[in-house]
Amino acid sequence: MSNEATLVIIKPDGLKKSLTGNILSRLSESKLKIIGAKMVKVDIELANKHYHHLQKEPFYPELAKYITGQLHGENRVMPLVYWGEDAIKKVRAIAGATNPEQAEPISIRGAYGRILTTGLFENVIHASSSVEEAEREIKLWFGPGEIVCKLYPSKKTSEENDSKEIWV
Ligand code: UDP
Ligand code: MG
């Protein structure tokens, strides 16, 4: 097994319920390394890009409200990049199944998630589900300069006086 990166996002319910510490403790059991972390205000454009594959789903309008914080009066989320052996599978296992009622009770989603009356799975964290998805998502949420190692190829923009690093 080789080293890989995966994106975790503590969703607005996780922040609203003050679960950040619990979630990070659970994830630390994986012995993976955190190589990026920050707080982000999520607007609809970012939500649409992140969940682009779900936009035709009947639950998408509710999901968009959830991730942009409209359900919790909390438009912050906390994205993190974890790195190490088998990172995607390890984080998905600790996160638990998408449906919190089907998730292992000791998983993060099993312990802290719930299903809303609208049917939406309010499941506390996002976790990438493949290497390709992880790369797309990490590049969406983080710039090269926000990750402490060189994950994917990047380049300097050639604007005078204001050169910045971007993904290739
Ligand atoms: N979701 C939902 N109902 C569904 C499927 C998904 O509410 O039937 C929500 C849930 O919050 C989930 C997110 O949409 O985490 C993204 O769905 P995905 O299928 O990618 O699940 P995940 O990868 O998050 O486990
Ligand atoms: Mg997914």
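The values are calculated or read from the model by the stated rules, or taken from the named source; none is laboratory data. All figures in this text were calculated on a predicted structure; none of them were measured in a lab. Using ideal geometry, Cβ is built from the backbone for each residue, glycine included, and neighbour counts are taken over all protein chains shown. To get the accessible areas, we keep the full protein, side chains included, count just its heavy atoms, and leave off ligands, DNA and RNA. Shrake-Rupley method; radii C 1.70, N 1.55, O 1.52, S 1.80 Å.
Of the chymotrypsin sites (Phe, Trp or Tyr not before Pro) found in segment 1-106, those that fall in a DSSP loop while having at most 14 other beta-carbon atoms within 10 Å are Phe59. Rounded to 0.05, the FRET efficiency of the Lys41 and Glu85 pair, given R0 = 25 Å and the Cβ-Cβ distance, is 0.15.
Going down the table (Lys89/Lys150; Lys17/Lys155; Lys11/Lys155; Lys17/Lys150), which pairs top 32 Å between alpha carbons? Table pairs above 32 Å Cα-Cα are Lys17/Lys155; Lys17/Lys150. What a 1.4 Å probe finds exposed on segment 1-122 is 53% carbon and sulfur by accessible area, rounded to a whole percent. Distance between the C-alpha centres of segment 29-47 and segment 107-168: 6 Å, rounded to the whole angstrom.
The C-alpha atoms of segment 78-126 occupy a region whose extents along the principal axes are 37, 22, 12 Å, arranged from largest to smallest. Using only alpha-carbon positions in the chain, the gyration tensor eigenvalues give semi-axes of 27, 20, 14 Å once each is multiplied by 5 and square-rooted (largest first). If you find the alpha carbon centre of segment 52-88 and of segment 1-23, how far apart are they in angstrom? Result: 11 Å between the Cα centres.
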